[in-house]
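Beneath this line is the structure, given in C-alpha cells, with notes to follow.
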Amino acid sequence: MLRCSCSGVFWLLVAANGASLNTTDVYENLYANHGYHADLRLSHASSILHLLQSVAGAFDRPVLDVGCSHGLAVEKLWKMDISAIGVDIAPTAVQKARTHREFRHSLCGEFPCFQVGTATTLPFPDKSLDAIFSTDVLEHLLPEEAPAMVTEFLRVTRKMLFLKIATTEEINKQPINALKMSNRTRYQELQALHTTVWPISKWASLFATKHRRLSVFSSGDTLAIWI
Ligand SMILES: *[C@@H]1O[C@H](CO)[C@@H](O)[C@H](O)[C@H]1NC(C)=O
Ligand SMILES: *[C@@H]1O[C@H](CO)[C@@H](O)[C@H](O)[C@H]1NC(C)=O
C-alpha cells in the first residue's frame, strides 16, 4: 500500500491496485451501519473533564472537543457551565450529538454546537478558541497527518490542549471486522483503526520540538500543553 502524503489529501489512502480507502467513509460507515459508539451514556473523557473544570476560570472562549462522537463530553461541560463545542469526522456522529444532547446554545459562543470537522482541518478562525481536548481520537490519524494536526490545533487555540491518546493497538476488533465483512474489497487495505500507535513521549515531542515555546506535560496516556 502506498500512503499519499500530498497536502490536503492526507486522509486518502491509496492502495497499490488503485482502490482507495477514505477515512471519512470508514467512520461514517461504522457510525451509520455498525453500532460504533452506540452507547450514548459512554465517554472516556472524565479525567480530561476534571482537568478542564480545574482551569475553566481561564476561559472566555469555547473549548473544542475534536472527535466528539455523540457529544456526551460537550454536554457534560455545559452542565458545568463551561462553554464547549464539538467536531467529528462522521456526519452521523454529529447528527447523533445534535439529536440527543440537551442544547445550551448560549454556551457554544458564535459557533455551531456540533459540526463536521477533522483534526487536520478545523472549521474555525485563528485563535478563536481557548482550548482543545480530545479523547482516544489522535491514534486514529495516519502517522503522516500528525504534523498537520499539531499545526492546526495550535492555529485555532489560544491557551491549552488536553489530549488523551491510546498508545496500544485497539483491543476491540469487532468494529473493524464488521466493516471488512460488509465489503471485503472496499476495506481490504484497512489493517487497524489505531493507525498511529506511538508512546505518549513521541506525541509530546511532536508538539515540543515543533514549537519550542510550549510547555508540554505528559501523564500516563494524556498530554497537557500550555501555549
Ligand atoms: C469519502 O467518503 C465520504 C463519505 O462516504 C464521501 O462523502 C466523500 O465523497 C468520499 N471522498 C472521496 C475522495 O471519495
Ligand atoms: C464494495 O465497495 C466497492 C468500492 O467502494 C463498491 O464499488 C461496491 O459496490 C461495494 N459492494 C457492495 C456489495 O456494497
**OP:** Quote the relative contact order of the range 125-187 in percent (integer), defining contacts as alpha-carbon pairs under 8 Å separated by 6+ residues.
**Re:** 44 percent
**OP:** Could you work out how far apart the two model spin labels at N172 and H34 are, taking each label as a point 7 Å from the Cα in the direction of the beta carbon, and quote it in nm?
**Re:** 1.2 nm
Original post:
So if we plug the beta-carbon distance of H44 and Q191 into 1/(1 + (r/R0)^6) with R0 = 22 Å, what FRET efficiency do we get, rounded to 0.05?
Top reply: 0.40
**OP:** For the range 96-196, report the convex hull volume of the alpha-carbon atoms normalised per residue, in Å³, without decimals.
**Re:** 136 Å³
Subject >> Of the GluC sites (Glu not before Pro) in the range 35-137, those whose Cβ has at most 10 other Cβ within 10 Å and which sit in DSSP loop >> reply: E102, E110
Original post:
What helices does the chain hold that run 24 Å or longer along their axis, going by alpha-carbon atoms, with a Kyte-Doolittle average of 1.0 or more, using DSSP H for the helix calls?
Top reply: none
**OP:** Largest first and to the nearest Å, give the Cα extent of the chain along each principal axis.
**Re:** 52, 41, 31
Original post:
Where Lys and Arg each count +1 and Asp and Glu each count -1, what net charge lies around E152 among other residues with Cβ under 13 Å from its Cβ?
Top reply: +1
**OP:** Give the cross-link partners of K180 among the aspartates and glutamates, using a straight C-alpha distance below 19 Å as the criterion and excluding same-chain residues fewer than 8 apart.
**Re:** D25, E28, E169, E170, E189
Original post:
Taking the Cα-to-Cβ direction at D25 and at S215 and moving 7 Å from each Cα, how far apart do the two end points lie in nm?
Top reply: 4.6 nm
**OP:** Would you mind checking the pairs K159/K202; K127/K164; K79/K210 and listing those with alpha carbons more than 30 angstrom apart?
**Re:** K79/K210
**OP:** Averaging sequence separations of C-alpha pairs under 8 Å and six or more residues apart, then dividing by the length of the chain, give the relative contact order as a whole percent.
**Re:** 18 percent
Original post:
Just how large is the dipole of the range 105-157 about the Cα centre, in debye to the nearest 20, putting +1 at every Lys and Arg Cβ and -1 at every Asp and Glu Cβ?
Top reply: 160 debye
Original post:
Distance from the Cα centre of the range 179-217 to that of the range 124-153, in angstrom?
Top reply: 11 Å
Original post:
Where a Cα-Cα gap under 13 Å defines reach, which aspartates and glutamates qualify for K76, not counting those fewer than 8 residues away within the same chain?
Top reply: D65, E102
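Rule-based calculations on the coordinates, nothing more; no lab input. Just so you know, these numbers come straight off a predicted model, no measurement behind them. Neighbour counts are summed over all protein chains in view; Cβ atoms, including those assigned to glycine, are modelled from backbone coordinates with ideal geometry.
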